[in-house]
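What follows draws every value from the coordinates through simple rules; no lab data is involved. Since the model is a prediction, treat every value here as computed from it, not as a measurement. As a convention, Cβ positions derive from the backbone with ideal geometry for all residues, glycine included, and neighbour counts pool all protein chains shown.
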Amino acid sequence: MHHRLKLLLCVALLILVVVVPASAGVVVLQVEVLPGFAVDVPNRLVFPPVAPGQFSEQNLNVTVWANAPWILMATILDGEDMAGIFEHRSLGGSWTRLGSTTSIVFESSSPTGAEGVEMSIPFRFRVDYGDDPGDYTVEIELTVVPAA
């Protein structure tokens, strides 16, 4: 008798589930992913001492993150009027003078992925006999922008 009661309850519940209409709704979730760019650089790069007529070279380690094609650019923010000339090695392998106008350091037609891209960018400092002895600093800004 106890089993019959359980069976009747189960049948009654099944009838309710079948008889009671169900309702469902469908929603489409949409989001726009914007291009995103980030760059990580050390806060200081120290060059070895250099004599007139020579140059001092150092590599700057940079990490870039981008989810779209990108360009890494460099601009001198402060110190352009100091002694000597700062240059970076450009894409083609030639040396490009850094100045207050922006120069392209690297260009990629591919996103970096979540892990980013690490690169070592050669920079050098050249002096001649017209430059006074002393310690000099230049502040440059590296910026990642979308590739056209």
**Item:** Highest-fluctuation residue, Val31, Val46, Val127 considered, GNM on the chain with Cα pairs under 10 Å
**Value:** Val31
**Asked** Based on the Cβ-Cβ distance of Leu91 and Glu141, what FRET efficiency does E = 1/(1 + (r/R0)^6) give at R0 = 25 Å, to the nearest 0.05?
**Response** 0.85
**Complete:** Highest mean packing first, using Cβ neighbours within 10 angstrom, the peptides 24-30, 50-56 sort as 50-56, 24-30
**Asked** Label-point separation (nm) for Tyr129 and Ser110, each offset 7 Å from Cα along Cα-to-Cβ?
**Response** 5.0 nm
**Item:** Residue-averaged [θ]222 nm for the chain, counting only DSSP H segments that reach four residues, each worth -39500 (n - 2.57)
**Value:** -4000 deg cm²/dmol
**Fill in**
The whole-number value in µm²/s of the Stokes-Einstein translational diffusion coefficient for the range 16-96, with Rh from the Kirkwood sum over alpha carbon pairs at 4 °C and 1.567 mPa s, is 69 µm²/s
**Request:** Using a Förster distance of 25 angstrom, determine the FRET efficiency expected from the C-beta separation of Thr75 and Gln30, and round it to 0.05.
**Result:** 0.10
